Amino acid sequence: MLVSAKEMLTKAKAGHYAVGQFNINNLEWTKAVLLTAQELNSPVILGVSEGAGKYMCGYKTVSSMVSAMIDELKITVPVALHLDHGSYEGAFKCIEAGFSSIMFDGSHYPINENIEKTTELVKICAEKGLSLEAEVGSIGGEEDGVVGAGEIADPNECKSIADLGVTMLAAGIGNIHGKYPENWAGLNFDALDAIQQLTGDMPLVLHGGTGIPEDMIKKAISLGVAKINVNTECQLTFAAATRKYIEDGKDLSGKGFDPRKLLAPGFEAIKATVKEKMELFGSVNKA
C-alpha cells in the first residue's frame, strides 16, 4: 500500500541519508523503480508531474496503476506516490485520486499568498494523513512547463513556511531542472546551512538531482537534505537505450516491432540509474 513520505524522510534526516524521488512517466518506468527499490530494500518516492499525470490518463489512473503494481509485484518497502510541482488545483485533484503525498509549488506567488494556500493544504493533508511538500525560491530551469529562474530562497521565508506544519521543504539554493550548464556556479551551501538552522528537523528537498557532483550531493545531505529528486537522468538513459535498440536494427523484420522488446533496454537503463542514485543517496537497506 502507499504511505505518506513523512516517516521515511524523518528517518532519513536523522540518519543523514536521502530518499530518492524518481519521476514516473509510464508503466515501464514505474515497474523499474519499484523493483529496484525492493531489490535494494530502499524506501522510495514516485514523483508525478501534472504533465505526466495527464499523459497517463489522469491521476486516478496513475494511483490505481501504482497501487496495483505494488500488490502484484509484492513490493514491501515504503512507497509514496507524490505530486511533483503541483498547482493549488492539482493538489486537490491528487488528494481526491488517492496520492499519499503532495507538493504544492507556491514559489511563484508572493510569500503571503504562498503561506495562505499552503496553510489550507496543511490542514487537509493532516486530516487525511498525507505528507506535504512546499517550496520557497523557485528552482531554475524548466520541468513540464514549470519555469524557475533559480532563485536563492530567503531563509526567513523558509522558516515561515516550515512553521505552518509542512512535512518537507524545497528551497532554491542554485539548483536547476534539466542539464546543468558548464558555467553553473554550484549549490549555495551557505544558504542551505542558514535554512537548516532556522527550520530545525524539517527534512529539506533538493530538486534537480541530475548532474550535481557527488561531493555536493553528500554535503547537501549533511546539511539537512533528506529527499533528492531525479528525473532528467532517467529521461536521458531511457531515451539513449531505446534509440540504440532501434539504431541496431533489432526486431525490424516484416513482423514489425514488439513494443515489449523495444522498451526493455530503457527499462533496464532506468533500473541501473535508480540503483546508482539510491547507493549515492545512502538509502539502501533503510526500508
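Considering the alpha-carbon set of the range 160-287 alone, what are its Rg and its Dmax in angstrom?
Answer for the range 160-287, Rg first and Dmax second: 18.9, 64 Å.
With a bin width of 10 angstrom, please list the P(r) values of the range 55-139 as percents of all Cα-Cα pairs, from the 0 bin to the one holding the largest distance.
17, 46, 28, 9, 1
Using Cα-only point scatterers and the Debye equation, what is log10 of I(q)/I(0) for the chain at each q in 0.17 Å⁻¹, rounded to two decimals?
Reported log10 I(q)/I(0), two decimals: -1.43.
What lysines could a cross-link reach from Lys11, if we take a straight Cα to Cα line under 16 Å and drop same-chain neighbours fewer than 8 places away?
Those lysines meeting the cut-off are Lys227, Lys286.
Kindly provide the helix-only [θ] at 222 nm of the chain, computed as the sum of -39,500 (n - 2.57) over DSSP H runs of four or more divided by all residues, to the nearest 500 deg cm²/dmol? Before the final figure, lay out each step's value.
Details: 11 runs with 139 residues, N = 287.
After summing the helix terms and dividing by the residues of the chain, the value is -15000 deg cm²/dmol.
Going by C-beta contacts inside 10 Å, put Phe267, Phe238 in order with the fewest on the left.
Details: Phe267 20, Phe238 23.
Lowest to highest Cβ neighbour count: Phe267, Phe238.
I'd like the distance separating the alpha-carbon centroids of the range 123-138 and the range 48-86, in whole Å.
18 Å
Gaussian network model of the chain, Cα springs within a sub-10 Å range: biggest mean-square fluctuation belongs to which of Ala134, Ala32, Ala194?
Most flexible of the set in this elastic network: Ala194.
For the ranges 33-45, 275-287, what's the packing order if you count other beta-carbon atoms within 10 Å of each residue, average per peptide, and put the highest first?
Details: 33-45: 22.0, 275-287: 19.1.
The peptides rank, most packed first, as 33-45, 275-287.
Work from the charge dipole of the chain (Cβ charges, +1 for Lys and Arg, -1 for Asp and Glu, about the Cα centre) and give the residue of Val79, Gln196, His177 farthest towards its positive end.
Farthest along the dipole direction, towards plus: Val79.
With the cut-off at 26 Å, tell me which of the pairs Lys219/Lys244; Lys179/Lys218; Lys31/Lys219; Lys123/Lys219; Lys93/Lys218 have Cα atoms farther apart than that.
Details: Lys219/Lys244 35 Å; Lys179/Lys218 19 Å; Lys31/Lys219 31 Å; Lys123/Lys219 33 Å; Lys93/Lys218 35 Å.
Over 26 Å Cα-Cα: Lys219/Lys244; Lys31/Lys219; Lys123/Lys219; Lys93/Lys218.
Nearest 0.05, what FRET efficiency do Glu113 and Leu198 give at R0 = 22 Å with Cβ-Cβ as r? The partial results should precede the final answer.
On the way: r = 21 Å, r/R0 = 0.96.
That pair, Glu113 with Leu198, gives E of 0.55.
Readers should treat all values here as calculations from the given coordinates under stated rules, not as data from a laboratory. Quantities reported herein were computed from a predicted structural model and do not represent experimental measurements. Here Cβ is always computed from backbone atoms with ideal geometry, including for glycine, and neighbour counts include all displayed protein chains.
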